[in-house]
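No lab work stands behind these numbers, since they all come straight from the coordinates. What you see is a predicted model; the values in this text were computed from it and never measured. For neighbour counting, all protein chains shown are included, and Cβ atoms are generated from backbone atoms with ideal geometry for every residue, glycine included.
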Amino acid sequence: MELINDDVELRELQATDLELLMAWRSNPILYEWFYDQAGPLHWEEHYNWWINRRNRKDWIIVFNGEFKKRDVGSVNISMLNSDYPEIGIFVGEISLWGKGIAQKALEIAIEYLKNEKYSGATARVMNENIRSNNLFLKSGFNKVGMNEKGEELYKLTF
Ligand SMILES: CC(C)(COP(=O)(O)OP(=O)(O)OC[C@H]1O[C@@H](n2cnc3c(N)ncnc32)[C@H](O)[C@@H]1OP(=O)(O)O)[C@@H](O)C(=O)NCCC(=O)NCCS
């Protein structure tokens, strides 16, 4: 199955991507939207996350844009043992925000889940995160509630 949508592709995260992922996730402009992260990542916690990863898939978003294909962000799907796995996404190259990259990457992740015969997908987004709330609404998700942490809960049924 090809994970391609126009000028955006997903490729599976590998150990050689860990430094880039850590650098992206250590940017406060990015992690202010991650409920469970209060500061830059430390290598040890990041590496432990990698080796203990279970029940999820992580991809690098590759953008076929100017000059060469380049890595610009990441998408993950967790809770793969449920009927409605959870999708998370970020574009680490923040100067690329607002150009439709996340929406295309999200469409690929949704296609993947459809092909794997899941019933749908879920997402959690911080209430103040206007960009991301718009992204999931625009991609067909419905708001189904809010959890005790103040995260909006989204659900898409295929
Ligand atoms: C949220 C995020 C992934 C969006 O990435 P992006 O590539 O900029 O998103 P897109 O360009 O595909 O935009 C998709 C939709 O999001 C919304 N959006 C994008 N930029 C926006 C902005 N500046 N203000 C409001 N909504 C915006 C729009 O609805 C947009 O569609 P439209 O421009 O056609 O109307 C990116 O901003 C990011 O990585 N943020 C930090 C991490 C994060 O919040 N992750 C999500 C946690 S659940």
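Between the residues 141, 16, 42, the greatest Cα displacement towards the positive end of the dipole of the chain, with unit charges on the Cβ of Lys, Arg, Asp and Glu, is found for 141. Would you mind classifying region 1-102 by shape? Square roots of the alpha carbon gyration tensor eigenvalues, ordered a ≥ b ≥ c; an a/c under 1.5 is rounded, otherwise it is prolate if a/b is larger than b/c and oblate if not. Oblate is the answer for region 1-102, as a/c is 1.5 or above yet b/c matches or exceeds a/b. Sorting 144, 125 by the number of Cβ atoms found within 10 Å of their own Cβ, with the fewest placed first, yields 144, 125.
Starting from the Cα of residue 144, move 7 Å in the Cα-to-Cβ direction to define the label point; list residues of region 83-112 whose amide nitrogen is under 14 Å from there. Backbone N within reach: 83-87.
Just rank 136, 63, fewest to most, by other beta-carbon atoms within 10 angstrom. Could the numbers behind the result be given before it?
Values: 136 26, 63 21.
With the sparsest Cβ surroundings first, the list reads 63, 136.
Exposure proxy shown here: for 61, 51, the number of other Cβ atoms within 10 Å sets the order, fewest to most, as 51, 61. The alpha-carbon of residue 57 sits under 12 angstrom from the alpha-carbons of these aspartates and glutamates, leaving out residues fewer than 8 places away in its chain: 12, 86.
In terms of the Cα gyration tensor, with a ≥ b ≥ c the square roots of its eigenvalues, is region 28-158 rounded because a/c is under 1.5, prolate because a/b exceeds b/c, or oblate? Judged from the Cα gyration tensor, region 28-158 comes out rounded (a/c under 1.5).
Its Cα gyration tensor gives region 44-103 an equivalent ellipsoid; the semi-axes, largest first and in whole Å, are 25, 15, 9.
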